[in-house]
Amino acid sequence: MSVEKENLEAHVELCRQRYETLERRLSNIEGKVENIHNEVANGNKSMVKVIIGSTGTIVAGLLSTIVILLLNFNG
């Protein structure tokens with residue numbers, strides 16, 4: 001039999017070490033998830049800026065085309 005099964009103190013100490021390891025690993029995972037969240041949020045902000053800029057360019061192009069057509073139609 002293992003020492004852990006025969007000795008309560010050994011079992012408690014091993015459990016303490018295991019929980020410390022698990023806690024450390026969970027903290028690392030939480031940090032990584034938070035970093036991913038921040039990167040996604042920043043990426044979304046950049047994407048919105050690109051979409052707004054593209055939309056503005058398209059609208060300006062359409063308006064200028066309409067103005068040219070109206071000037072040619074009336075002229």
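A few comments on the model shown:
- Count of residues meeting criterion [among the β-branched types (Val, Ile, Thr) and touching a helix residue (DSSP H, G or I) at 6+ places or on another chain (Cβ under 7 Å)] in region 1-47: 1
- Out of Glu4, Glu39, Glu13, Glu30, sole residue that is at pLDDT 95 or above, surrounded by 10 or more Cβ atoms within 10 Å (Cβ to Cβ), part of a helix (DSSP H, G or I) and of a type in the set (Asp, Glu): Glu30
The values are calculated or read from the model by the stated rules, or taken from the named source; none is laboratory data. All values reported here derive from a predicted model rather than from experimental measurement. Because the Cβ atoms are built from the backbone with ideal geometry, glycine has one as well, and the counts that use them run over all protein chains shown.
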